[in-house]
Every structure is written in C-alpha cells, then in structure tokens.
1. Taking amide H positions as placed 1.01 Å from N in the peptide plane, with prolines and chain starts having none, which residues 5 or more places from C:N34, or on another chain, fall under 5 Å of its amide H?
2. If you take the beta carbon distance between C:A104 and C:N81 as r and set R0 to 35 Å, what does 1/(1 + (r/R0)^6) give as a FRET efficiency, to the nearest 0.05?
3. How about B:K187: which aspartates and glutamates have a C-alpha closer than 17 Å to its C-alpha, ignoring those fewer than 8 places off in the same chain?
4. Any idea what the dipole of region A:275-398 comes to, in debye rounded to 20, about its Cα centre with Lys/Arg Cβ at +1 and Asp/Glu Cβ at -1?
5. Sticking with the crude label model, points 7 Å out along Cα→Cβ, report the distance from A:T191 to C:E72 in nm, one decimal please.
6. Kindly give Rg over Rh for region A:278-488, based on alpha-carbon atoms, with the Kirkwood expression for the hydrodynamic radius.
7. So what are the ³J(HN,Hα) numbers for region B:309-318, from phi and the Karplus equation (6.51, -1.76, 1.60; θ = phi - 60°), rounded to whole Hz, Gly and Pro as x?
8. All other residues with a Cβ under 12 Å from the Cβ of A:I49 taken together, and with Lys, Arg as +1 and Asp, Glu as -1, what is their net charge?
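The values are calculated or read from the model by the stated rules, or taken from the named source; none is laboratory data. Just so we're clear, the structure is a prediction, and the values are computed from it rather than from any experiment. With ideal geometry, Cβ positions are generated from the backbone for all residues, glycine too; neighbour counts draw on all protein chains shown. Note: areas computed on protein heavy atoms with side chains; ligands, DNA, RNA excluded. Shrake-Rupley method; radii C 1.70, N 1.55, O 1.52, S 1.80 Å.
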Amino acid sequence: MELATLTGLTMAIPLAAAVANPLLRRQHNLRDSLTLLAAVATFATALAILGRTGGESSAPMRALTVMPGLDIAFAIEPLGLMFALIASGLWIVTHIYGVGYMRGNGEKGHARFFAAFSLAIASVMGLAFAANMFTLFLFYELLTLSTFSLVAHKGTAEALKGAKTYLGTLMGTSIGLFLVAVVWTYTATGTLDFTPGGILRGHVTGSLVPVLLGLYAFGIGKAALMPFHRWLPAAMVAPTPVSALLHAVAVVKAGVFTMLKVGIYIFGIDFLAETGASTWLMWLAAWTIIAASVIAMQQDNLKRRLAYSTVSQLAYITLGMALATSMGVLGGGLHIATHAVGKITLFMAAGSIYVATHRTEISQFDGLGRALPVSFAAFFVGALSIIGLPPLAGSWSKWLLILAAADTGEWIIIGVLMLSSLLNVAYLLSIVGRAFFLLPAEDTPQAWSEAGPLVWGPPAFTALLCVVLFFQAGAVTDFLVPIAEVAP
Amino acid sequence: MSGQAAGDALAGHAAGAAEAAAAAERALGLAGHLPVLVVLVPFLAAPLAVLLGARRLTWPITFAAALFSLAAALSLLSGVLGGDAISYHIGGWAPPLGIEYRIDAANAFVMVIVSAIAVAILPYARASIAAEIPARQHVLFHALFLLALAGLLGVAATGDAFNLFVFLEISSLATYVLVAMGAYRDKRALTTAFSYLLMGTTGATFFVIGIGFLYMSTGTLNMADLAQIIAQQPGNRTIHAGFAFIIVGMGLKVAMYPLHLWLPGAYTYAPSAVSAFLAATATKVAVYVLLRFLFTVFGPQYTFEAAELTWVILPLALLAMFAASFIAIFQVNFKKMLAYSSIAQIGYMLLGIAMLSQTALSGTIVHLFNHAITKATLFMVIGAYVLRAGGAFYRDIEGIGRVMPWTSAAGVIGGLSLIGVPGTAGFVSKWLLVQGALEKGWWWMALLVVASSLLAVVYVWKGIETAYLRAPRDDVDRREAPLTMLVPIWIMALSTIWFGLSAEWTVGAAGTAAEALMSGASELPISGGAGH
Amino acid sequence: MQGVSWEYLVGHANYWLFVTLMMTGLYIVVARGNFVKKIIGLNIFQSAVIMLYISMGKVEGGTAPIFPLDGEIDPAITYTNPLPHVLMLTAIVVGIATTSLALALIVRIREEYGTIEEQDIWEAEQEISARERRQYGEVFGEAGK
C-alpha cells in the first residue's frame, strides 16, 4: 500500500470504530471485539509504516487545502511515528482493560464511551502525523472535544465540574494563546510546515522570541505546565481507562509532543539556544517538577496523586526541550515513551484496585497487598520506572536529561532532577509500603481478591514492558536521533 | 421591464474584443438579463403566489423562485470571480441617469448567500410554520418571504443609491410583518415588530437623507458615478454630513452596537423559520451596504483617512464583541442567546472593516458567509426544538440531546462553529481576522478577538450542558424532528464543516471581493454605450 | 456669529424648515409614549425628507419640467430638476406602506395588550419576563434573580 494510504488508515480505522460503536449499541460482545480488532489494526498499520519508512522522514502528503497556504497535510517523522506507535499499541492493552473495567464496574453508556475513546485515538493519530502546525492544531482541538465527553461520562455533579475545568482550561489556552501563536507564526513566516531547523529564524527577533515561545508554552495547555495544570487532576473523575490511556498517555503526551514539535521544527533547537529564549521556560519547568511533586505528596486520592505526578513528569519533557540541546530533546522524546508505559501501569493498577475493592483513598489501602498481589506488584514496578531506577525504562530518559543539563552547565537543574526522584520515592513507594507492610484495617473483608484477568492482566503486561523497554532503550534512541540532529 | 434592456460587460483591467463579444452575446439571450431577473423573479412570484390562491401551489412557486435566484446568483458569481464587473442598464437607460445594476464579486457573493439560505430554509419552513402559524396565513407568509428575499437581493444587485433605499424598505416592510407573525406564539412579537419598524424606518430615513446630501453635491445617484465625483471634492461639508447620515442609518440596519436594540426581540419572537432567515441574511446584506458605501462610494481613503472612521467603528465593534457575548451568557432563552451572539458576531465583521486591510476585509466578507450558515444551522435547530419541546427556553430543552440526537448533533456543530473551533467555518473567518490584526502589528487586537471567542465557549457550553448532561423531561414529545426539517438542518451543518475544511472557494471569492472594495470603484472604468 | 448674515438665514430657509421638521418628528418618535403619536412623529420626520429633496430640485428661474408635445425643446428655457420629485413619489409610497403597516400593528397590539401606551406595555412585558425568569431561570441556579 501507498504510504499515504497507510497514514490515512491509521486515522480511518479508529474513526470507523467510533462510528460503529453507537450503531452496535446493543451487541456488546460484537461491538467490543470489533473495537479490539480496530485497535490491533491501527497498531499494525503504524507498524507497517515503520516497516516501510524505517523511521525515515517522508515528504508531506497533502490531504486538503483549507485556505491558500494552509493545508491539512501529513508526514512521517520519527517522533510522530513513535508517538503513534505508543498510543495505538497501548490502545490495544487499554481496550482490553477498559472492557473489563466498564463491565466489572457496571458503568453505563458503553457505546458512547468507546466511540469517544476511538475518536480520541483517531485525533491522536492525526496529531502524530501532522505535517504542519495547522493540521496539528486541528487535531489538538478535536482531541480536546472528544475526550471532554469522556471526562463528563459519569454525568454526576462532580464529573460535570471536572469537565468544565477540563474544557475551560484546554479550550481557553488553545484558543486564547495557542491559536494566536500559530497565526503569528504564519503571519511572520508565511508557512506553518514543520521544517528541520525551524522556520522562525530571521522572521522573529529579539524579545519577541520568548514572548512567542510563551504563547506556545502556555497555549499548549495539554502539556500541563503550571499554572495551567489544573485540568489534569480535574479530569481524574473520568473512568480509569480514560485516565490510564488518555490522561497518562495520549492527551498529555499530545501536549508535550506538540511542545517538542514546536521546539524542534518551528523554533529550531539551535535558534532557541542562540537566543536563550527558552531559559525562562527551563526554570518554569523545573518549578513545575518540584511543586507538582510536593502537591502530589499531599493527595490522599490515588488518582489525584498520580495526576500531579503526571504534571511533574510532563515538565521533564518540556524541560528537555527548553534545555535546547540535542541531548535534551532526545531525553524528552525518550521520556514520552518511558513515562507512557510507567504511568499507564500505575493507572491501570489503580483501576484494578478500585474495581476489586471500590477504594480510592490511599489511607484505605493498608494491607491490601496480600489480597491483590498482582495489582500492587505492577504498581511497584511502574513506580520504580517513574522514579528512574534501573533496570526499568524510566532510568534512561532521566539519565539523558541529566546529561543534557550537565552539557549546558545547569547544575541547579541536575539538582532539581535528583530532588524530584527523591520526592517520587516518597509519594509512590509509600503506597506500596502501606499495602504490603501495614496490617489491614478492621473493616477490610477477608474475601477480597483480584478482579479478573481482563483487569489485572493489562497492568501486569505493561509492567513487563517497563523492563523490556529498559533493554531496548538503545533502539528507541537510535530511532529518535534524526530529530535531534537537525542542523539548519 | 423592457425587452430592449441590454447587458454590458465591464472589463476590469483587460477590456478587449473578447469582452465586447461576450457582452453582445449576453445582451441577446436570457442570460443577459440575469442581473435583474435574479431580483425580479421572486418579486413577481410573490403576488403570483397570492393571486393564484391555491394553497397547494404556493410552496412550489416560492421554492422555484428561490431556486431560480440561487442559480442566477451562482451563474453571476462565476462570471465575475475573475475580477470583472457586469453592468446592466434597466430599460436600456444608460447610467448615470438610468438605474444601473452592477454585479461584482462582492455583491454576487452576497446574493449567493441570501438565495442559498432561502433555498435551504423553505423546505424546512413547511413543518416549522405549520406548527407556529395558522394555516390561513401560509400563503401570505410565503408571499412575504419572497418579498423579503427579492428586497434583499435587490439591495445587493443595484448600483443606484436611491434604488437601494427602495429595495431596503421592501425587504424591511416584509420583515416587519414576518416578525409580527410570531404573535401566534407570543404576543411580544407585535411590540417587537413595532419597535423594529420604528427603528428600521428611522434608519432608512437617515440613509435617504444622506443620499439626498450626496445628490445635492454631486448631482448623481449612481454609486460608481458618486465615487468618482466624491473623490474630486475633498473637504465638502455636505458630503461629510451625508456620510454621517448614511453610516448612522445603516448602523441601525446592521445592528451595530449600540444601535442593536431591535435585534434581540425580533430574532426571539419571530417564527423560527423567519429567525433563521433573518439572522442569516438581513444583517449580512446591511453589512454589505455599509461595505459598499465605505469602500466603493466614499473610498477607503475618504472613509479612513479623512473621516478616521476606524476609531469610531473599532470601539463599537469591540463593545459588541464583549458586551453582547456577555449578555448572551445570562439568557434563559436559547433564541435570545443566539440573538445576542449575532450582535457579537456582527462586531467581528465591523472589526474587519475597521482594520482596513486586505486580509481583515476578506475576513469580514467570509464571515458574512460563514456566520450566515452557522446561525442558520443553529436557528433551524432551535426551530426543531420548538416544534417538539414546545419552547426555546433552556428548561424546555433539558436532556434533548438524547431525545433528538440528530438535531442536537447538528446544533453542536453549529455551536462549535460559533466558537471558531478549527474544522468549522467559523474558524476560517476568525483566522483571517487574527491574521489581519497581527499583520498590522495589533497583537492586542488578536488577543481580544480570541478572548471574545472564549465568551462564546461559555454560552455554547451552557447549551450543550443543558441538552446533553441533564435528564430529559417527561412531558416533551419524544420524537426526532421530521425529515423535512432534519435534511435542511444537516445540509447547513455539513456545509459549516465543509467550508471549514475546504475554504479555498469562500476565501478566494471573499479575497476577490475585498480586493475590488479596497481598490475603490475609481479604478474600474464606467461602461460606455448603453445597449439599444 | 460674524459670518451669519440675514441673507444666509433667509437663503437657507428651506433647510431651516427641513431641520425643524426633522427634529420635531424625531423628537415625537422618541419622546411620546402613545404608539399612534409615534407614527405621526415618524410621518413628520419623513415629510422633512420630502421637503429637503423637493427644495433641492428647484432651479432658480426654472419652470415645470414638462416637455412640449412636439418634442422640440427650446434650449433657452430652464427647467426645474424633475428627478428629486420622482424620487419623492417613491418615498411617499414607501412612507404610506410603512404607516399603514404600523397602524395595523397598533390595532393588533391594542387587541392583545389592551393599551397602546408604551409605558403600560413595557410594564406588562417586564412582568412576563420576570415570570419567565422565575419559571425557566432555575436551570442554572439563578432563580428569582
């Protein structure tokens, strides 16, 4: 098949699943198996793209001209391909888990849920393969809208409030700041194509560069940079599969992915380094890393704690871009992958605990480890990966970021990264410690056990992935090297 | 009108033998009379529909007339997209003495908008008015609809300032009655129609006074002729006075904040089909007239350098964008919310005018179109809600997303376009406006434009929350809207998406129109011989 | 006021008439509460415009613009400009249509509201909207506002 056809298929297949779901409202098994098939097919298509291009960048493929000079176009490029592979691969796992979770938990509106979920995946695919800023922006907004209905899914007052914060922050930043930044870029340069080495050199100068970067950095609300991070904890009212795939992987990674794209292909790493425009962003990211970790420590609700942990971890990736070195970008790109598998493990383990016990607060977890060994073991592995201990995936990306900070001589940043790892230990491992070493509370029934293989299987599998990725990290970095070597 | 009338091509820049041949050809066939037929057919169909008296024939006649106008407008537009203009002399009398119909990209575009909306709304109106207006009035409804349509098309087509006033009043008078027809549901339609009449007539009279002043100093009523003579008389105070009167008069018709007071009531209490038609066309045509006078007759130089109109229009536009959006948030009636949102959207159009650049002006013109289809979608959705749920208050439509999924989904699309989400028509115009602001270096303006979109997020969200996230009421008719309503609604909804994803045609046409307006009429040569 | 001479005042008599009529009409439209009086004001306002046009068409020493039947026009004769008169014929037609429509509306308003005084109608409508707010406003928790 043509490359363009394959690229189109990665969006068309989830889209078809999104259409099929409401049509098959009553046939539960058929519907869920079809969606699983779609997930596998999407992943296979992404793999086929990988096989065909071998990670080489392709020329843009124009789908539609919106206005003269503004195209909807797609292109294959290592960072985007990696993102697409992660999202579609984890979609398979999450879908299996989601079916188990939604059924095991007796949630309502399955068809609507999985339709919106598939639509979100379709948007992520479009975003990953976008060849210009305009296309990326289009799918960015589509992603917000499709996930919004997932956040509001339960329809309770709390869910509505969360959904309001979600939509308000993401729409507000993207229309209020991101759009202005995009139009500004277009007005200044006359193009929005992602070009290695950036397009802004010579068009925007002086103090305007950090201002434009600021519009992007805050406008990309999905990157959850403080102070626009509050939507992420608010989104935790959604069913756990949503939190797992979308708010640990797809949506938030779409944010930092966009951030990296902006840094690499719009500004250009060298341009950022020369102008020093991203220095302030580096300090803001460092602040977000520490502050979010501190807030996470104070959360008793498990999902909220994980949400703040995500805010902190996302700032790593922004930091990698803001360091404006090849190594930093590489570390940031790798962290997209490593954090994805780590955090999805944590979320799915959290959901597995919830389905089995209906407990959401960490203070209620005392002694649960013996009843739910697989869930907590998976949680433990995920936590170690997030902290960055070998032999788990997270250690590599953190290592690269530290190297990058050392390259630029930012010793304080190294300190921040170290401190953050310590804080991670404090707020993640304490949960595991409670579950395994404290005695169960008196009201805990003895009969509790794991909720079923559909629920505990996926987190166990992704925990395994954390280990595999540690040994295969070299392959991923080799794959990503082209994005970091873009000399103008 | 006389059969001797002749069409005459106006070659913009490359007048040559080819154009002359084309002009001769146009003069012969029916096609040569299209500029007047586009207005005349609906105009004559109106009394025909009444006089035939057969209720069954009314709708087909009305629809056929509207369809003809659409086809004619499209063919006219395709003829002028290259930047030429068509000049048609009524009765063969040459301008400036005779009345000239002058079609260029700007007004052909407006005529396409108006007639296309009419064609889309008429099938929809059948079911809608059946529920809202007694059957004995249906014939009159259609006749008035045709008159309003003919008036609006005439305003767009004519190149004669006084003729424009006459058509403006034809459409306005028909509109007042159409609004008053809402009285079968809510008696406030009557008082609304009355105050609309007072304000509309005052506005039109101001306009005609302005025309009088211009005639006094120039001795002509032909707009192209006016433009040339005005350009030769800088500093003429009579012309200044005429300018002021025309701006205020059209400001009333446009519903330029704070001259907007007639609009919320008129849109709220009119029958749903009328609201949809009005919201999509009436103010749009008024904006066109404003454009025509500001740019063609007075010329950008006069308007923005001598009169410094930018600093008059700009604050009013911003005020509209923010104040009206803010008021819209606090409405309890969906229709009224949309009405205030319309005022805010008119603010965008005025903003594009005030910025005075090719890009921003294209934004204004393309927003005429995009907002027309967006608002038509939304008002048609409301009409379907009124039919089934019995009212347009938020209370009436609680949970209706589950009862009427198709209608509501179209409503969501319209709402997204109102916000300006990428992929919808509203985004395209907003993009051009922001780009226009940034090109001028007015970054604060760009921020203000997007900030007011955020207010739209709030009121659209209120609608979506009500329709989707609440339990449906028990006492509503639990059926989807009839197909005759759904199909037009979805045609409109899909076109908001289509023109959001593939805006080359609209942006291109608007760009041509903007170019023609910015260059002023003085560069376009006046046609010579007047046919027979 | 040095430049304002007697000739200036008298020479522009038609404009003073126009301004006075126009302002009177507009004032009545705005200030009078009775709908019929408003329409009378509107008529005066429109008459002012007619005066303006008619007087501007007058050419000094000109006669009525009627061509001789044989069509041979004597170039020595000055004619008054007929165009404004023709325009005003149209304007009068429009004015009559507006007036009759307004009067018809007033009849219907009187049937529905029992009054044609602006103040009374305003109060009646305020009452209706207050009731609507009470009834429908609570969707967003703002009942009674």
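1. It is C:E118, by chain and number.
2. After rounding to 0.05, the efficiency reads 0.45.
3. List returned: B:E132, C:E111, C:E112, C:E117, C:E118, C:D120, C:E123, C:E125, C:E127, C:E132.
4. 100
5. Here the answer is 8.0 nm between the modelled labels.
6. Rounded to two decimals, Rg over Rh is 1.02.
7. 5, 3, 7, 8, 6, 4, x, 5, 5, 5
8. Every neighbour counted, the sum reads -2.
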